[in-house]
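Some notes on the structure that comes next.
The values are calculated or read from the model by the stated rules, or taken from the named source; none is laboratory data. Since the model is a prediction, treat every value here as computed from it, not as a measurement. As a convention, Cβ positions derive from the backbone with ideal geometry for all residues, glycine included, and neighbour counts pool all protein chains shown. The accessibility values were calculated without ligands, DNA or RNA, using every heavy atom of the protein model including side chains. Shrake-Rupley method; radii C 1.70, N 1.55, O 1.52, S 1.80 Å.
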Amino acid sequence: MVNPFDLTGKVAIVTGGNGGLGLGIARGLAQAGAKLAIVARNLEKTEAAARDLAEATGVEVLALTADVAQPEPVASAVAAVVARFGRIDILFNNAGTTIRKPPHLMSLDEWNTVMNVNLTSAFLMSKEVYPSLKEAGGGKVVNIGSMASIFGASYAPAYAASKAGIVQLTKSCALAWAPDNIQVNAILPGWFVTDMTDKARVEVPGLNERVLARVPAGRWAEPRDIAGTAVWLSSAASDFVTGAAVPVDGGYSSIM
């Protein structure tokens with residue numbers, strides 16, 4: 001029987017794939033056989049992640065640096081992937097940032113920074129990759145949302161708004177590109193151990209205790225916990241799934 005989760009021969013782009021959730025996603029895709037392009041701002045960190053993934057999995061990994069919130073660097077990065085691998089089959093829009101301030105203390109520049117990195121980048125990357133996915137006969141776009149796509153965050157209004165926007169961008173692209181056999185879905189991660197949430201546990205008093213008390217699984221997630229869902233949404237196993245927003249949160253969003 002053919003393994004519907006096998007990504008051998010596929011080419012995937014992961015933005016922000018040099019650490020945290022992005023690296024967990026990239027590792028899962030590589031283990032499933034996909035060739036990878038990691039796109040992030042810090043070239044040294046990205047090259048180190050690409051080298052480690054290639055050595056651990058034996059797949060080819062390309063390291064690229066780009067500001068994915070700007071159209072010209074996005075176009076250059078996508079062109080470099082096509083030049084290297086000849087095709088694109090999978091896009092993970094994972095690049096993200098946050099600024100933790102209540103709305104009345106947040107400046108417009110801070111708001112725009114978060115929105116551009118989290119939401120505009122997903123629009124630009126998806127738009128730029130679309131022709132390659134269509135040419136390949138179909139493909140997958142997976143956008144990384146958040147529990148903040150569902151719940152408000154008094155200390156991170158721009159982050160919450162951007163992640164709610166990710167869900168609607170996902171649905172809109174899914175509807176527009178269904179005739180081209182392109183499935184577009186979102187993953188809504190819960191509380192994962194990353195550099196970003198390490199800072200949150202320092203900046204938001206009592207956060208660690210509240211998370212542990214609410215998550216039925218009784219722990220914070222590790223980046224490896226997102227890999228299985230990432231592979232599923234990248235593979236033929238999810239060919240009839242599109243426009244969905246899938247929580248990966250240990251039950252956090254299911255409890256009252």
- Item | Of residues in the range 119-153 being surrounded by fewer than 18 Cβ atoms within 10 Å (Cβ to Cβ) and basic (K, R), the one nearest to A34 (Cα to Cα) | K134
- Note on the structure: The condition of being closer than 20 Å to A12 by Cα, out of contact with any Ser or Thr (no Cβ under 8 Å at 6 or more places or on another chain) and either open to solvent by 60 Å² or more (accessible area, probe 1.4 Å) or without any contact (Cβ under 8 Å) to a residue 60 or more places away in the chain (or both) holds, among V202, V211, V215, V241, only for V241
- Message: Which count do you get for residues in the range 68-91 that are among the charged types (D, E, K, R) and either within 17 Å of the chain's Cα centre (by Cα) or in a loop (DSSP other than H, G, I, E, B) (or both)?
- Response: 2
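Within the range 144-168, can you find the residues that are among the polar types (S, T, N, Q) and either closer than 22 Å to V241 by Cα or modelled with pLDDT of 95 or more (or both)? Let's see the steps before the verdict.
Step one: of the range 144-168, the residues among the polar types (S, T, N, Q) are 146, 149, 154, 162, 168.
Matches in the range 144-168: S146, S149, S162, Q168.
Name the one entry in R27, R41, R51 that is farther than 22 Å from A227 by Cα and among the charged types (D, E, K, R). I'd like the intermediate steps shown before the answer.
Values: R27 fails: farther than 22 Å from A227 by Cα; R51 fails: farther than 22 Å from A227 by Cα.
Just one listed residue meets the conditions, R41.
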- Cβ pairs under 9 Å, 6+ apart, first in the range 21-46 and under 22 Å from N118 (Cβ atoms), second crowded, with 24+ Cβ neighbours inside 10 Å and aromatic (F, W, Y): G22/F92; I25/F92; A26/F92; L29/F92
- Message: Going residue by residue through the range 110-130, is there one that turns out to be in contact with a Ser or Thr (Cβ under 6 Å, 6 or more places away or on another chain) and not in a helix (DSSP H, G or I)?
- Response: no
- Message: Pairs needed: first member in the range 169-193, under 9 Å from T242 (Cα atoms) and among the charged types (D, E, K, R); second member anywhere, open to solvent by 10 Å² or more (accessible area, probe 1.4 Å) and assigned to a loop (DSSP other than H, G, I, E, B); C-beta distance under 7 Å; at least 6 residues apart or different chains.
- Response: K171/G243
- Message: Regarding the range 179-191, can at least one residue be identified that is farther than 24 Å from E110 by Cβ, modelled with pLDDT of 95 or more and open to solvent by 60 Å² or more (accessible area, probe 1.4 Å)?
- Response: yes
- Task: Residues being among the charged types (D, E, K, R) and either surrounded by fewer than 19 Cβ atoms within 10 Å (Cβ to Cβ) or over 16 Å from the mean Cα position of the chain (by Cα) (or both): count how many of those fall in the range 159-171.
- Result: 1
- When V68 is run through (1) open to solvent by 40 Å² or more (accessible area, probe 1.4 Å); (2) under 24 Å from G165 (Cβ atoms), the failure sits at (1)
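Out of A83, A156, report the one residue that is over 26 Å from W232 (Cα atoms) and crowded, with 20+ Cβ neighbours inside 10 Å. Even if it seems obvious, please write down each step before you answer.
Values: A83 fails: crowded, with 20+ Cβ neighbours inside 10 Å.
Residue meeting the stated conditions: A156.
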